[in-house]
Amino acid sequence: MEWQKLGVKLELDGELGFPIHEFIGEFHRFIQTDRLPIMLIDVHDYSHVHQGPGILLVGDEANLSIDQTDGRVGLHVAYKRPLGGTTGQKLARVLRLAAQAARALERSRHLKPAPAFRSDRFTVVVNDRLSAPNTEETRATFEPELRAFVAEAYAGVECALEPESDPRRLFGMRVALSQRPTFDELIKSLATLQ
Amino acid sequence: MVKMVGSWKERLHDRMPAPLAEEIDVFETQIEMRKQGKLDEKVFAETRLRRGAYGQRYDNGQRHDGVRARTLEFPSNDVHKGPDTKWDAPGMMRIKIPFGYLNAEQVELLADISEEYADGISHITTRQDIQLHFVNIEDTPDLMRRLASVGITTREACGNSIRNVTACVRAGVCRGESFDVSPYAHAVAHYLLGHPDVQDFGRKFKIALSGCQHEACGLTGLHDGGLIAKTRVVDGQQERGFGVYIGGGLGAVPFQAKLLFEFVDEREILPTFQAISRVYARLGEKRNRARARVKFLVQKLGVEEFRRLVIEERESLPEDARWTAMIDATREWADDPLKPGAPLGEGNRPEGFEAWHRSNVYAQRQPNYSLVTLRVPLGDLTATQMRQLADLSRRFVNGSLRLSVEQNVVLRWVSNADLPALYQALRPLGLEMPGAGSIADITACPGTDTCKLGIASSRGLARELSRRLTAQYDELDSVVKELKIKISGCFNACGQHHVADIGFYGNSRTVGGYTVPHFQVVLGGQWNENAGAYGLAIGAVPSRRIPEVVQLVAERFRREREEGESFQQYIRRIGKKEVKSMLDDLKSVPGYQADRSFYSDWGDPREFSLGDIGVGECAGEVVSLTDFGLADAEREVFEAQVALDEHQFREAAERAYRSMVEAARGLIKTKNIDISSDPEVIVSDFRRDFHETGLFHDKYAGAKFASYLFKAHRSWAEVSSEESAHQLVEEAQLFIEAAHACYQRMQQRP
């Protein structure tokens, strides 16, 4: 199956220790300093929206946001442009971008206390109802590919998957792992898979 | 094994109205042609605008990141979707929602497409549209197909045509209306949609309907065309009709609409607006866009002469059966409650319910029913909220809702007994906030967030003011609570600041060599009486000090108002000089080193700059009917080539012939905009006006290219081989080239 428009949301570890709009300045610095390996365009403030995209960093290939959907804060990376390669290679690229952004945010000297994101708790989303309606059939097709990717990227760590249950929502699977690598380790591992 | 998922086009084939499906296919072809450089970028720009695909900030590929100006290196940087507009740059999709009416299925679909093609947000505009931002132009055909499958079109949402037709959200349940204007808004919107007489405007034309004269309702005073419902009794029979208004508008030069006709019978409103459209298309300014809105034409001619021309035009219109059929259909309009109305009762009320009930609930004229306004901050809704709203509309009302010009959502026909349960159900959505329509419920256009013309951050300021005023809301005096704040990012007034009690529009001032964001303060506009009066511009204040302006003005009003005095009356009583002096202390800007916050805008830490302002597309491109005709011809011959490549030579021949007819028809439109679509008539008129006059003839080839049309007209159906189809396609291309050359010669003539 040719999956495109893949996304990953890394869960925040604990609570944010500062107002969400503090990310606005940080994302502008991402643009100014070319912090990520994709072209970044602008920052958009959706902090007024109830459980919305929070602060959005718009890119050409992908958007990033400090997403608040369902009241769960996390770093969401949503690819827009088609990716080449196998499903595993695509997932590696998306997750790697999320990990790079998470690492940069965790290391920012402007965000205090430093936010922490979970490398072992994330949701993978397919933002395309044509190829990936939120059905059992999609799950049955996607899950083995996701499991194979996780097994490679996380080197045999135990993995629990939970699908998004509301059929009107985008198809997605929450991934919970038994070990939590650092983002440096994860980025290094994913680089070999892209 | 690769699973075949097909396409939205295939999947929705049976669910789209055929003409709409075909229009979208045509647009998809135009996208492909533009990518290949086979369609002029100016023509494509106006084409996409008329499909609702609008430009967005930074789409010229330039952005100041706060440190330096940078070029955005989009993948297809040498391809443009309009003058100076990069192909890959994210754009905005405006979706027309006539009179703001949506059913639950449409709401769910909007939620889906906001996630898949945009940033997950559906934005409600001040004209009851939905806008999606950060949309790629190549996604727009599928986006449109999915909308078409639930009965929504984006056609003419932008560009020089009839924009979304708006109407009062209380229509049908209002205690003071003459009658329900909803079905009339539907009729006007659908009659004029794509109508040939609205295709040759110099600028956009906005229409609003209102059920009464005295409340805000449809804001007809600020529209190009307005209709206010009226009844009269003739021979003991009540007749429905409308007062018709013309030439209102905001922007840099605001005009109040003028009464064009005191009473137009309901069955006459469609031909009346058709006649108005013809007069505007014929006599409106085309070259100078700044003077091209109908308000300038009415000013130039005088309303009496404009009226005379409309009456004259109306008399010459060919009869159209839809004039009465569409109005007769209004009688079938049904907007019924889901369940019988019941009183609120005395039981336990949830915490916060009373305040919400006071500000957000309007008693309908139908006993035991209420209209409920859901306050939507900055008009932004997530996909999750949209789906839950669809659920609530099915649970509490008749599976529909309306979008308001104050960027809120309205549920009508809520049984009063259900109000506590509805309030509880709104809480998880974050839509239970009290203060709908109050000073804390601020309207703002997109401004510098996404608009190419934005000067200052209207949304940033609105967010900040709303945050502060919501926190103080319970303590505010009731007369202050009722004030309205509206904010525009520039003088174009999409935030409708002219009709707010307290309005602002973005501008800037240079201080010590730095550019400082400011807002012009506009006080005393009138929301009621259908936007009956515009406010006074008082002076520009630094953006950072605007919260102090609001606090000061509101406090002075609370303290100094006389018994029963409105804010408008108060501002006029104390006079502009006094109001100006009130703000004098707030106009100063500290030095750059003393307080740098003045040198950046709300919600944007970058040092303020005007470098990101682009060329707006509000005005669209003035593209003539002939330009469009020739572009259609080129698309048709492009399709002919595709058919040829696929060895479909019969189809190729037919398309080649049709492309010539289209090109000829485009030329004829320079002389007769009512030219029939019948090929016999077109070829005959072309022969008479372009061939026999020699107008079409090439300096060297003479009548050769014209003869291609005549030959194809006689014998295209006899094409029986790929070779002869190929020849016909070649001749069609040459004919279209000759048509372009002919049109250029005509334009060069004195």
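Values for this structure:
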quantity: Count of residues meeting criterion [within 14 Å of another protein chain (Cβ to nearest Cβ) and either buried (at least 24 other Cβ atoms within 10 Å of the Cβ) or assigned to a strand (DSSP E or B) (or both)] in the stretch B:382-407; calculated: 7
quantity: Residue tally, condition surrounded by 23 or more Cβ atoms within 10 Å (Cβ to Cβ), closer than 27 Å to A:GLU2 by Cα and within 11 Å of chain B (Cβ to nearest Cβ), over the stretch A:65-75; calculated: 2
quantity: Residues that are crowded, with 21+ Cβ neighbours inside 10 Å and under 18 Å from B:ALA104 (Cα atoms), drawn from the stretch B:411-428; calculated: B:LEU411, B:ARG412, B:TRP413, B:VAL414, B:LEU422, B:LEU426
quantity: Breaking point among (1) touching a helix residue (DSSP H, G or I) at 6+ places or on another chain (Cβ under 7 Å); (2) surrounded by fewer than 19 Cβ atoms within 10 Å (Cβ to Cβ); (3) more than 30 Å from B:ARG606 (Cα to Cα), for B:PRO547; calculated: (3)
quantity: Residue check for B:GLY202: surrounded by 24 or more Cβ atoms within 10 Å (Cβ to Cβ) and not polar (S, T, N, Q); calculated: yes
quantity: Subset tally (residues that are assigned to a loop (DSSP other than H, G, I, E, B) and either of a type outside the set (S, T, N, Q) or outside the structural domain of B:ALA456 (by TED's automatic domain parsing) (or both)) for the stretch B:581-599; calculated: 9
quantity: Filtered residue count, the stretch B:354-370, keeping only those that are touching a Pro at 6+ places or on another chain (Cβ under 8 Å) and crowded, with 18+ Cβ neighbours inside 10 Å; calculated: 4
quantity: Set B:ASP197, B:ASP180: member being more than 14 Å from chain A (Cβ to nearest Cβ), under 18 Å from B:LEU403 (Cβ atoms) and touching a residue at least 60 places away in the same chain (Cβ under 8 Å); calculated: B:ASP180
quantity: A:TYR46 being under 30 Å from A:ALA155 (Cβ atoms) and of a type in the set (Phe, Trp, Tyr); calculated: no
quantity: Strands (runs of 3 or more DSSP E) wholly inside the stretch A:1-60 that include at least 2 residues being within 7 Å of chain B (Cβ to nearest Cβ) and not aliphatic (A, V, I, L, M); calculated: A:40-46
quantity: Any hit, the stretch B:525-534, residues being within 14 Å of chain A (Cβ to nearest Cβ), in a helix (DSSP H, G or I) and surrounded by fewer than 23 Cβ atoms within 10 Å (Cβ to Cβ); calculated: no
quantity: Criterion: part of a helix (DSSP H, G or I) and either touching a Ser or Thr at 6+ places or on another chain (Cβ under 7 Å) or at pLDDT below 90 (or both) - qualifying residue of B:ALA712, B:ALA643, B:ALA656; calculated: B:ALA643
quantity: The listed residue being surrounded by fewer than 18 Cβ atoms within 10 Å (Cβ to Cβ) and of a type in the set (A, V, I, L, M), out of A:ALA101, A:ALA78, A:ALA114; calculated: A:ALA114
quantity: Residues of the stretch B:32-91 that turn out to be within 12 Å of chain A (Cβ to nearest Cβ) and at positive phi, as a count; calculated: 3
quantity: Options B:GLY603, B:GLY614: the member that is within 14 Å of another protein chain (Cβ to nearest Cβ), under 30 Å from B:LYS286 (Cα atoms) and small (Gly, Ala, Ser); calculated: B:GLY614
quantity: B:PRO17, sole failed condition from (1) out of contact with any Asp or Glu (no Cβ under 8 Å at 6 or more places or on another chain); (2) surrounded by fewer than 16 Cβ atoms within 10 Å (Cβ to Cβ); (3) touching a residue at least 60 places away in the same chain (Cβ under 8 Å); (4) within 14 Å of chain A (Cβ to nearest Cβ); calculated: (4)
quantity: Subset of the stretch A:85-140 [of a type in the set (A, V, I, L, M, F, W, C), within 14 Å of chain B (Cβ to nearest Cβ) and touching a strand residue (DSSP E or B) at 6+ places or on another chain (Cβ under 7 Å)]; calculated: A:VAL125, A:VAL126, A:ALA132
quantity: Checking A:THR135 against (1) surrounded by fewer than 19 Cβ atoms within 10 Å (Cβ to Cβ); (2) in contact with a helix residue (DSSP H, G or I) (Cβ under 9 Å, 6 or more places away or on another chain); (3) not aromatic (Phe, Trp, Tyr), the condition it does not meet; calculated: (2)
quantity: In the stretch B:125-141, the residues that are more than 12 Å from every other protein chain (Cβ to nearest Cβ), in contact with a helix residue (DSSP H, G or I) (Cβ under 8 Å, 6 or more places away or on another chain) and assigned to a strand (DSSP E or B); calculated: B:ILE130, B:LEU132
quantity: Only one of B:ASP119, B:ASP112 that is within 13 Å of chain A (Cβ to nearest Cβ) and either part of a loop (DSSP other than H, G, I, E, B) or at positive phi (or both); calculated: B:ASP119
quantity: Test: residue in the stretch B:69-90 that is surrounded by 14 or more Cβ atoms within 10 Å (Cβ to Cβ), without any contact (Cβ under 8 Å) to a residue 40 or more places away in the chain and among the β-branched types (Val, Ile, Thr); calculated: no
quantity: Pick from the stretch B:1-10, criterion at pLDDT 95 or above and out of contact with any Leu (no Cβ under 7 Å at 6 or more places or on another chain), ranking: surrounded by the most Cβ atoms within 10 Å (Cβ to Cβ); calculated: B:LYS9
quantity: The lone exception for B:THR515 - which of (1) more than 28 Å from B:ALA89 (Cβ to Cβ); (2) touching a Ser or Thr at 6+ places or on another chain (Cβ under 9 Å) it fails; calculated: (1)
quantity: Out of A:GLU106, A:GLU137, A:GLU185, A:GLU143, sole residue that is touching a Leu at 6+ places or on another chain (Cβ under 8 Å), in a helix (DSSP H, G or I) and acidic (Asp, Glu); calculated: A:GLU143
quantity: Matching residues, the stretch B:235-255, being under 20 Å from B:ILE162 (Cα atoms) and modelled with pLDDT of 95 or more; calculated: B:PHE242, B:GLY243, B:VAL244, B:TYR245, B:ILE246, B:GLY247, B:GLY248
quantity: Residue selected from the stretch B:58-68 under the condition in a loop (DSSP other than H, G, I, E, B), among the charged types (D, E, K, R) and over 22 Å from the mean Cα position of the chain (by Cα), by the criterion surrounded by the most Cβ atoms within 10 Å (Cβ to Cβ); calculated: B:ASP65
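Results for (1) surrounded by 20 or more Cβ atoms within 10 Å (Cβ to Cβ); (2) in contact with a Cys (Cβ under 6 Å, 6 or more places away or on another chain); (3) under 21 Å from B:ALA631 (Cα atoms); (4) not assigned by TED's automatic domain parsing to the domain that holds B:HIS195, shown as yes or no for each residue.
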site	(1), (2), (3), (4)
B:ASP674	no, no, yes, yes
B:PHE686	yes, no, yes, yes
B:LEU695	no, no, yes, yes
B:LYS699	no, no, no, yes
B:ARG714	no, no, no, yes
B:ALA738	yes, no, yes, yes
B:ALA741	no, no, yes, yes
B:GLN744	no, no, yes, yes
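The values are calculated or read from the model by the stated rules, or taken from the named source; none is laboratory data. Small disclaimer: the values here were computed from a predicted structure and weren't measured. In this analysis, Cβ positions are derived from the backbone assuming ideal geometry, glycine residues included, and neighbour counts consider all displayed protein chains.
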